[in-house]
Amino acid sequence: MPLTEQSGAAPEKPPGLSLNITLFEPPITAEDRMFFTEQLALLLDTGTSLHKSLNALQAQMANRKVRAILADLAAQVEKGSAFSQALEQHPEMFPVSYIKLVKASEAGGFMVKVLEELLAMDEKQQQLKGTITSAMTYPAFLLVFSLAVVVFVMVFVFPKFADIFASIQDQLPSTTIVLMATSDLLRQHWLLVCIGLVLVGGGLIGWARSAAGAAMLDLWKLKIPGVRRIYRQIYLVQLMRVLGLSLANGVSVKDALQASSEVVANLAYRDLIRRAEIGVREGGRLSDVFCQSEHIPDLARQMLATGEEAGSLARVMNRIADYYAKELTKLLNSVSKLAEPIMLVVMGLVVGIIVSSLILPIFKLSSVAM
């Protein structure tokens, strides 16, 4: 046992250490929540009380923010608060879907089962994010590398030919003139170019975060050919997974829809969820609203309608989420493989334009000299 635990006294910290740790402390991640969920389910399954489990988990958390949250959870549970009520105080770590499911499990007495299902859902969500990231990494690398090569040629190669081409300035191809002007701009006004790029980037980010910009981007995601199919499947998987898991564990339809609205980050799908809430409140069927939406694929519509008629809507929703998650993985892998030759062709065209812009004037110089 460490000496600090035996003596019960905490070691002295140098001045300013606490401030530095706070400033550079990592944020709470989905991996932190997954580790907490897995360990809590294990402890509860072995008969450990909830309060003792929360206290035991504090020492296993590397993130100080998570340890503070677990300490607060343990304190609230000790005072007699329900676990779901304690979770509601920490939305930075526990989403609405998590809290609703825990609340349902408290009433039904099957918290371990729900925690295991929440862990499985988080794992599938992280797997989906990993698939998307890995599919886009190589094309993004090729794009950045291509831009870096072009900038290098513009800044360090083209200036060496400026004096050589001066004698045939009026005979230079238009591409050479444009590239040399670009080279001069990058070399002589690089600071203004950097400031301009920062301002443009900041403006685009600010527009994307505004209400009008976010609405426009959400619309484009579901309208642009090619991109539309990917985003529709992403949002469908998120929506069906949360709804299916919530309904299967006794969460009310209203709470399940509210939880899914917090997960799906697209205004069009949130509007669909809002219309579903209204339809259910007015006595309609949940599948009816989804089947009328253009954002739900035909196969999913048929499965939802059949599932609600058979009384197995939750199971059908989980099946839809699993099916489209597999389809999305296949689609992203195909897009990634297709993006590689496209980027290589684009790079070849760019290199070809640059090389021809240098070689053609040289040929003209050679003919003049002869």
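The values are calculated or read from the model by the stated rules, or taken from the named source; none is laboratory data. Small disclaimer: the values here were computed from a predicted structure and weren't measured. Glycine also receives a Cβ, built like all others from the backbone with ideal geometry; neighbour counts cover every protein chain displayed. To get the accessible areas, we keep the full protein, side chains included, count just its heavy atoms, and leave off ligands, DNA and RNA. Shrake-Rupley method; radii C 1.70, N 1.55, O 1.52, S 1.80 Å.
Where helices (runs of 4 or more DSSP H) sit wholly within segment 105-196, those with at least 3 residues that are surrounded by 12 or more Cβ atoms within 10 Å (Cβ to Cβ) and among the polar types (S, T, N, Q) occupy 111-152, 174-188.
Could you check, for segment 310-318, whether at least one of its residues is outside any helix (DSSP H, G or I), open to solvent by less than 80 Å² (accessible area, probe 1.4 Å) and not polar (S, T, N, Q)?
Kept after step one, since they are outside any helix (DSSP H, G or I), are these residues of segment 310-318: 311-312.
Now restrict to residues that are open to solvent by less than 80 Å² (accessible area, probe 1.4 Å): 311-312.
Keeping just the survivors that are not polar (S, T, N, Q) gives 311.
Checked segment 310-318: at least one residue is outside any helix (DSSP H, G or I), open to solvent by less than 80 Å² (accessible area, probe 1.4 Å) and not polar (S, T, N, Q).
Screening GLU78 with (1) of a type in the set (D, E, K, R); (2) exposed (fewer than 14 other Cβ atoms within 10 Å of the Cβ); (3) in contact (Cβ under 8 Å) with a residue 40 or more places away in the chain gives one miss only, at (3).
A search for C-beta distances below 7 Å between a residue of segment 251-275 that is more than 18 Å from SER84 (Cβ to Cβ) and among the small types (Gly, Ala, Ser) and any residue that is open to solvent by less than 10 Å² (accessible area, probe 1.4 Å) and part of a helix (DSSP H, G or I), counting only pairs 6+ apart in sequence or on different chains, returns SER261/ILE273.
Residues checked against (1) more than 30 Å from LEU179 (Cα to Cα); (2) among the acidic types (Asp, Glu); (3) in contact with a helix residue (DSSP H, G or I) (Cβ under 9 Å, 6 or more places away or on another chain); (4) in contact (Cβ under 8 Å) with a residue 24 or more places away in the chain:
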{"site": "SER287", "(1), (2), (3), (4)": "yes, no, yes, yes"}
{"site": "PHE290", "(1), (2), (3), (4)": "yes, no, yes, no"}
{"site": "ALA305", "(1), (2), (3), (4)": "yes, no, yes, no"}
{"site": "ALA310", "(1), (2), (3), (4)": "yes, no, yes, no"}
{"site": "LYS330", "(1), (2), (3), (4)": "yes, no, no, no"}
{"site": "VAL346", "(1), (2), (3), (4)": "no, no, yes, yes"}
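Out of contact with any Gly (no Cβ under 6 Å at 6 or more places or on another chain), of a type in the set (Phe, Trp, Tyr), more than 18 Å from SER260 (Cα to Cα) and free of Cβ contacts under 8 Å to residues at least 40 places away in the same chain: is that true of PHE110 in this structure? No: the conditions fail for PHE110. Can you spot a residue in segment 121-129 that is polar (S, T, N, Q), touching a residue at least 12 places away in the same chain (Cβ under 8 Å) and in contact with a Leu (Cβ under 6 Å, 6 or more places away or on another chain)? Checked segment 121-129: no residue is polar (S, T, N, Q), touching a residue at least 12 places away in the same chain (Cβ under 8 Å) and in contact with a Leu (Cβ under 6 Å, 6 or more places away or on another chain).
Listed here are the residues, each with its yes/no results for (1) surrounded by fewer than 18 Cβ atoms within 10 Å (Cβ to Cβ); (2) under 31 Å from the mean Cα position of the chain (by Cα); (3) assigned to a helix (DSSP H, G or I).
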| site | (1), (2), (3) |
| --- | --- |
| ILE273 | no, yes, yes |
| ILE278 | yes, yes, yes |
| HIS295 | no, yes, no |
| GLY307 | no, yes, yes |
| LEU332 | no, yes, yes |
| ALA339 | yes, yes, yes |
| PRO361 | no, no, yes |
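Residues in segment 228-244 that are open to solvent by 10 Å² or more (accessible area, probe 1.4 Å), more than 16 Å from the chain's Cα centre (by Cα) and touching a residue at least 12 places away in the same chain (Cβ under 8 Å): ARG229, ARG241.
Going by the structure shown, is VAL289 modelled with pLDDT of 90 or more, in contact with a Leu (Cβ under 9 Å, 6 or more places away or on another chain) and within 30 Å of LYS113 (Cβ to Cβ)? It is false that VAL289 is modelled with pLDDT of 90 or more, in contact with a Leu (Cβ under 9 Å, 6 or more places away or on another chain) and within 30 Å of LYS113 (Cβ to Cβ).
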